1. Would you calculate, for the chain, the mean residue ellipticity at 222 nm contributed by helices, counting each DSSP H stretch of 4 or more residues as -39,500 (n - 2.57) and dividing by all residues, to the nearest 500?
2. Amide H neighbours of Arg292 under 5 Å, at least 5 residues apart or on other chains, H built in the peptide plane: list them.
3. Consider a paramagnetic label point 7 Å from the Cα of Asp302 along Cα→Cβ; state which residues of segment 207-223 have an amide N under 18 Å from it.
4. Could you run the Karplus curve 6.51 cos²θ - 1.76 cosθ + 1.60 with θ = phi - 60° over segment 67-73 and give me ³J(HN,Hα) per residue in whole Hz, x for Gly and Pro?
5. For the chain, what are the DSSP H helices with axial Cα length of 20 Å or more and mean Kyte-Doolittle hydropathy of at least -0.5?
6. Using modelled backbone amide H atoms (1.01 Å from N, in-plane), which distant-in-sequence or interchain residues come within less than 5 Å of Ala49's amide H?
7. Just grab the label-to-label distance for Arg114 and Glu163, each label 7 Å out from Cα along the Cβ direction, in nm (one decimal).
8. Roughly how far apart, in whole Å, are the Cα centres of segment 265-298 and segment 45-111?
Amino acid sequence: MSLVVRGGIVVNADRRFEADVLVDAGKIVAVGQNLPMPTGSETIDAGGAFVLPGGIDPHTHMEMPFMGTTAIEDFESGTACMLAGGTTMLVDMCLPASQESLTDALDHWLDMARKAVADYSFHVAVTWWSDRVAQQMAACVDRGINSFKHFMAYKGALMVDDEVLFQSFSRCRELGALPLVHAENGEAVFRMQTQLLAQGITGPEGHALSRPPEVEAEAATRAIMLAKLTGVPLYIVHTSCRQVHEAIARARADGQRVYGEPLIQHLTLDESVYRDVDWSFAAARVMSPPFRSKDHQKSLWDGLLAGSLQVVATDHCAFTIEQKKLGLDNFTRIPNGTGGLEERMPVLWDQGVNTGRLTPEEFVATTSTNIARILNIYPRKGVIAAGADADIVVWDPAATKTISSSTHHSKLDVNVFEGMEVKGYPAVTLSNGRIVWRNGSLDVERGRGHFVERPPMAPAFIAQALRNDQTRPSPVQRQVNLQQTP
Ligand code: DUC
Ligand code: ZN
Ligand code: ZN
Ligand code: ZN
């Protein structure tokens with residue numbers, strides 16, 4: 001069915017302009033003024049509101065088994081709640097069980113995601129190394145996966161050592177895939193947890209004390225150097241502190257493609273939550289990395305403006321208060337994770353655009369376009385243009401809302417943004433050309449989401465590698481060159 005969004009101001013990452021948007025069969029077919037309307041097409045009157053490309057949240061954990069329990073948001077509830085907040089695609093973390101093959105895990109995640117109501121893709125985690133893993137990574141790439149995740153924390157569970165990082169990064173380079181890291185030094189975290197427990201610190205305040213910015217900075221810097229040695233770009237998930245932002249900025253200034261992803265939670269909530277007298281309030285906010293001080297927050301906002309940080313995500317990993325109670329007498333057992341899928345865009349608009357910290361174009365870049373480019377799905381996603389998927393948000397900058405767990409669409413029984421008043425909210429969301437959110441209500445269809453295949457990024461990587469080889473040989477290449485010099 002065709003449909004036209006009329007009378008809005010289209011905002012893309014590069015510019016904004018008045019235009020109508022014509023949609024047919026799930027795609028945008030034309031963008032312009034006075035478009036001829038096919039007979040029988042439906043009209044959405046944007047009434048001067050902004051018309052944005054649907055958001056992409058590149059970091060979620062639906063139904064993930066973790067820390068002795070399983071995250072409760074599933075692919076149906078997660079993709080539904082995100083549509084209410086203007087996000088039309090998520091990229092979830094596919095986590096192989098111990099020794100499970102990567103492709104079996106991918107099958108398992110594809111199966112779980114069949115009930116999704118909007119589009120999705122996966123990063124696949126590499127948590128140990130063998131020749132078979134190298135083969136399985138290639139098989140994943142053949143199936144539309146172009147990114148692999150590495151946990152440098154969670155000792156005894158998911159944590160990888162430098163051998164795995166070096167081998168997997170090298171393999172990513174061969175395959176044209178992007179390595180992602182959760183950057184925290186898991187050994188240091190484990191030692192500090194042990195010390196804190198020995199001192200009798202068992203509550204949520206211990207969580208933040210055991211994971212200071214230095215553990216994140218150490219791991220991020222190590223990953224950046226390993227990415228340089230192996231000649232591969234790098235994406236650092238949930239960049240939460242000044243030190244990591246500065247390491248990324250330095251690496252970029254030095255010619256490395258390194259990307260940083262602050263979470264909406266880290267941009268707007270601070271470490272004081274862990275000192276709350278209410279255990280449940282504090283535990284509900286336990287995630288890794290923990291929330292930081294205002295100084296770190298400022299650095300993250302500055303990075304979004306400067307372009308040294310590119311993407312705002314959520315790491316949506318939902319645990320109820322009952323699940324959090326697994327760590328009632330030991331903070332190291334509180335399942336790590338918070339929600340934000342539905343709130344990411346409204347909170348970023350309110351705290352970013354309304355405050356003048358971001359322009360609407362920068363908002364679009366950091367919620368959609370940049371990650372579409374980084375993950376090689378642009379311009380299918382991330383832009384309002386003919387040929388793109390019709391994932392569109394009519395954004396009403398005057399709409400107000402008070403965020404609450406009593407009205408959100410997530411399965412969570414808490415909301416870390418509880419009570420926050422935001423101005424700027426989706427009036428209408430389209431997913432693949434279908435109206436899924438309008439007048440404050442969802443109209444979704446189980447199973448209507450598609451798996452979005454992401455092709456490998458080899459051509460760009462090779463171009464980058466050649467440029468590097470001509471101008472600034474990698475350390476290994478430099479050695480080879482020296483040996484060849486007569
Ligand atoms: N951090 C979280 O808080 N939850 C899921 C995994 C992670 O790294
Ligand atoms: Zn499995
Ligand atoms: Zn993580
Ligand atoms: Zn995560």
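1. -9500 deg cm²/dmol
2. Glu271
3. 213-214, 217
4. 6, x, 8, 10, 4, 7, 5
5. Once both thresholds are applied, what remains is 213-230.
6. Counting only residues 5 or more places away or on other chains, the set is Ile9.
7. Taking the simple label geometry, Arg114 and Glu163 are separated by 3.9 nm.
8. Using only Cα atoms to place each centre, the spacing works out to 23 Å.
Values in this text are rule-based calculations from the coordinates and carry no lab data. Remember, predicted model here, so these are calculated numbers, not experimental data. As a convention, Cβ positions derive from the backbone with ideal geometry for all residues, glycine included, and neighbour counts pool all protein chains shown.
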